[in-house]
Amino acid sequence: MDGNGRWANALGRPREYGHRRGAESVRRVVEAAPELGVDTLTLYAFSSDNWARPAAEVSVLMRLLKHYLHKEADELQANGVRLQVVGRRDRLSPPLVRAIEQAERRTAAGRRLRLRLAVDYSSRDLLVEAVRSAAAAGDIGRNDMATLLGQAMHAGEPTPDVDLLIRTGGEKRLSDFLLWECAYAELYFTPVMWPEFGASHLAEALTDFRARDRRFGKVAVAS
């Protein structure tokens, strides 16, 4: 979800305005995703590196996240959306952690869409901790290591590999996001800023993705 601040600045508005409009885009995309055949959607809300931003902006982002959780939990539940928040929680405020836990419990029965919000998230940090956990298991084979890594990174719950990674805002990098899961992900970069991203843009990205030939390291067999 990239481009909130730059979008607001281009309009001569404060960055907070961009983040608020970005929250509206979250609602649009979450509503559209299951209609377009998406069953798991992960949104990068706040990276571990984002703590280096000005304290006032971080405060706004955390306040918006708590507001979103309180405001949208009932709607998510009604629409069959299961919410999960991934990333560290020890640096979040206790009220925000409580809001996360309440929203996760309230939406736990959702089966229409699995919505994962990455908050205080660093894929590299998770990989390091996962390797430590796997190494502590002793002498294991390659396949077992992969299984243990996956379990350690997702609190024991299976999470599918990423099929399509969409980055808004014109940047063309992964920024420490889902590095393990993106081993064979298709990448889609769009100049559209996140506050302007909606159902039509998601549909366009999915159409592009479905037209690609995914070989997963193999070669096509001539018929």
List every residue whose amide H lies under 5 Å from the amide H of Thr40, counting only residues 5 or more places away in sequence or on a different chain, with H placed 1.01 Å from N in the peptide plane.
Arg114
Along Cα→Cβ, 7 Å out, is where each label goes; now give me the distance between the ones at Glu171 and Phe216 in nm to one decimal.
3.1 nm
Estimated distance in nm for a label pair at Ala136 and Arg105, the labels positioned 7 Å out from Cα along Cα-to-Cβ
2.7 nm
Within segment 18-41, list the residues whose amide N lies under 18 Å from a label point set 7 Å along Cα→Cβ of Asn50.
18-30, 41
Could you tally the net charge around Arg89, taking each other residue with its Cβ under 10 Å from the Cβ of Arg89, Lys/Arg +1 and Asp/Glu -1?
-1
State to the nearest 20 debye the size of the charge dipole of the chain about its Cα centre, where the only charges are +1 on K and R beta carbons and -1 on D and E beta carbons.
360 debye
So which trypsin sites (Lys or Arg not before Pro) in segment 56-140 pass both tests, a DSSP loop state and at most 15 other Cβ atoms within 10 Å of the Cβ?
Arg88, Arg89, Arg91, Arg111, Arg112
For the chain, calculate the relative contact order in percent as a whole number, restricting contacts to Cα pairs under 8 Å that are 6 or more residues apart.
25 percent
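Quick note: the coordinates plus some simple rules give every number you see, no bench work behind them. Being a predicted model, the structure only gives us computed values, none of them experimental. Backbone-built Cβ (ideal geometry, glycine too); neighbour counts: all protein chains shown.
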